[in-house]
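Undergrad: Got a structure for you, questions after.
The values are calculated or read from the model by the stated rules, or taken from the named source; none is laboratory data. From a predicted model like this one, the values you see are computed outputs, not experimental measurements. Methodologically, a virtual Cβ is constructed for each residue, glycine included, from the backbone with ideal geometry; neighbour enumeration extends over all protein chains shown.
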Amino acid sequence: VQLQASGGGLVQPGGSLRLSCAASRGIIFVNTRMAWYRQPPGKRRELVATITSGGVTNYADSVKGRFTISRDNAKNTVYLQLNSLNPEDTAVYYCNGDTFGVVVWGRGTLVTVSS
């Protein structure tokens, strides 16, 4: 089972990015709660957003109104739309899948917000 995150890069403050996380075969994606975490430089990993198998979403207060998590079960992919980015959003972003308590982490993708 693998989760492959992509879409990170360098963006100016106020800009946008769209992260993707594709799940390989071996995960029952439709039954999996997906989440995005991030780890800023020198800080602990923190939860950014979650989406249940039924599409219910939840966000950290720091990203509410700016980030949107979504999923496409037909493509076994979860997305994170990042808008109105600021330097404090600079971090390695990780996707995470939880299928009935079995947790899988993907490799991170780096987002750098800088002018």
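Undergrad: Restricting attention to region 8-30, which residues are modelled with pLDDT of 95 or more and aliphatic (A, V, I, L, M)?
TA: Leu10, Val11, Leu17, Leu19 - these are the residues of region 8-30 that are modelled with pLDDT of 95 or more and aliphatic (A, V, I, L, M).
Undergrad: OK, next. I'd like to verify a number: residues in region 82-115 that are under 16 Å from Ser20 (Cβ atoms), at pLDDT 95 or above, surrounded by fewer than 19 Cβ atoms within 10 Å (Cβ to Cβ) and not polar (S, T, N, Q), how many?
TA: Here the count works out to 2.
Undergrad: Checking the condition farther than 19 Å from Gln2 by Cβ and in contact with a strand residue (DSSP E or B) (Cβ under 9 Å, 6 or more places away or on another chain), which residue from Leu47, Leu19 passes?
TA: Leu47
Undergrad: What number of residues within region 34-75 are over 20 Å from Thr109 (Cβ atoms) and in contact (Cβ under 8 Å) with a residue 60 or more places away in the chain?
TA: Total meeting the criteria: 0.
Undergrad: Only one of these is over 15 Å from the mean Cα position of the chain (by Cα) and among the charged types (D, E, K, R): Arg45, Arg107, Arg25, Arg33. Name it.
TA: Testing whether each residue is over 15 Å from the mean Cα position of the chain (by Cα) and among the charged types (D, E, K, R) leaves just Arg25.
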